[in-house]
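To start, the structure under review is shown below, and the notes come after it.
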Amino acid sequence: MKITPLIASRFLVDGGAMYSLVPKPIWNRLTPADEKNRIPQNLNAWLLELDDGRLGIVDPGCGDPESYPAKDRRINGLADEWLGTELDRVGVDRAKISFVILTHLHWDHSGGVGSDTESGETRLTFPNAEYYVHQFEWDDATGDNPYLFKAYPPTTITPLLHVDKSMLHLVDGEDTEILPGVRFILAGGHTRGSCTVFIDGQPELVHPSAEDCPITSGILFASDVCPTQHHLRMVFSTSFDTYPIDTRRWKRKWLTRVAEEQIVLWFDHDHEVFAARLAADPRAEFIMTHELPAKT
Ligand SMILES: [Zn+2]
């Protein structure tokens, strides 16, 4: 198995929303905000190559910035580069992507599935891909729940509705091997159907500093239950979490395990660090012992 990190999107988000209960004087030292209180975010995706040669993506990011209205692009500080340009850079044809794993269906993770053209048609970014998403996430994203107002804008859900049903896998287990060596593990917390992706063993990481953070006992794509290095602490969670107490529960269980078993933890929104190995720390809860810089 081979993992190539790709920065699927770069954008800006309200700093307070990213840190919830943490006071601004604290988080602003870690990630200084701009004049509109926004902080930089990546969407750090994976290009996965299975041992049988199949190629896939974990979390395709916000999608083509050209498909967003100018105002949305400006408010979200959406950069011109996206997953499409990243795949061009590494020489992978989008038509060769045979699967897309979606940890959850918020716009910054699933917007890259496709976009609506001006003529009202839907253009899928990966025309030949099968999609994996948790059943709970699908139910919540498509269920018109008024309490989830604005969590799942139609622009990011509509393309998935156009995917052929035979290509859409709604995963309903707690821990499922959805593809050879790829486990899709229900995390909850951030959303009811949020999942992490775990690759056991020693997959090859295609990165100029891969030896700084060697994978010896698996790598966990944490998604938004631990989106950045600053979210290792229990109280640092995003305001977008639908079930914040479950995010804390997840951290207590999984970050402990990550540290004990020396699993590499992948941060999907960190603009400085892609991944790290952890150690438990009596003061800081967890500290990073090996870091993989966020560059491709
Ligand atoms: Zn996110």
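Listed values, structure above:
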{"read-out": "Residue within the range 102-123 that is among the hydrophobic types (A, V, I, L, M, F, W, C) and over 23 Å from Gly188 (Cβ atoms) present", "value": "no"}
{"read-out": "Complete set of residues in the range 73-102 that are in a loop (DSSP other than H, G, I, E, B) and buried (at least 24 other Cβ atoms within 10 Å of the Cβ)", "value": "Trp82, Leu102"}
{"read-out": "Tally of residues being touching a strand residue (DSSP E or B) at 6+ places or on another chain (Cβ under 6 Å) and either farther than 26 Å from Cys195 by Cβ or within 16 Å of the ligand (Cβ to nearest atom) (or both) across the range 64-99", "value": "6"}
{"read-out": "Val235 being touching a helix residue (DSSP H, G or I) at 6+ places or on another chain (Cβ under 9 Å) and surrounded by fewer than 17 Cβ atoms within 10 Å (Cβ to Cβ)", "value": "yes"}
{"read-out": "Complete set of residues in the range 25-55 that are assigned to a helix (DSSP H, G or I), free of Cβ contacts under 8 Å to residues at least 12 places away in the same chain and not aliphatic (A, V, I, L, M)", "value": "Pro25, Arg29"}
{"read-out": "In the range 137-147, the residues that are within 20 Å of the chain's Cα centre (by Cα) and either small (Gly, Ala, Ser) or modelled with pLDDT under 90 (or both)", "value": "Ala141"}
{"read-out": "Selected residue (criterion: surrounded by the fewest Cβ atoms within 10 Å (Cβ to Cβ)) from residues of the range 179-208 that are small (Gly, Ala, Ser) and touching a Leu at 6+ places or on another chain (Cβ under 9 Å)", "value": "Gly181"}
{"read-out": "Subset of the range 103-128 (residues that are small (Gly, Ala, Ser), more than 16 Å from the ligand (Cβ to nearest atom) and crowded, with 23+ Cβ neighbours inside 10 Å)", "value": "Gly114"}
{"read-out": "Given (1) surrounded by fewer than 22 Cβ atoms within 10 Å (Cβ to Cβ); (2) at pLDDT below 95, index of the condition Tyr152 fails", "value": "(1)"}
{"read-out": "Enumerated strands (runs of 3 or more DSSP E) restricted to the range 106-203, each holding at least 2 residues that are without any contact (Cβ under 8 Å) to a residue 12 or more places away in the chain", "value": "175-179"}
{"read-out": "Selected residue (only one of Leu50, Leu55, Leu43, Leu30 is closer than 24 Å to Pro293 by Cβ and touching a strand residue (DSSP E or B) at 6+ places or on another chain (Cβ under 8 Å))", "value": "Leu43"}
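The values are calculated or read from the model by the stated rules, or taken from the named source; none is laboratory data. Because the structure is predicted, anything quoted here is derived from the model rather than measured. We place every Cβ from the backbone using ideal geometry, glycine too, and count neighbours over all the protein chains shown.
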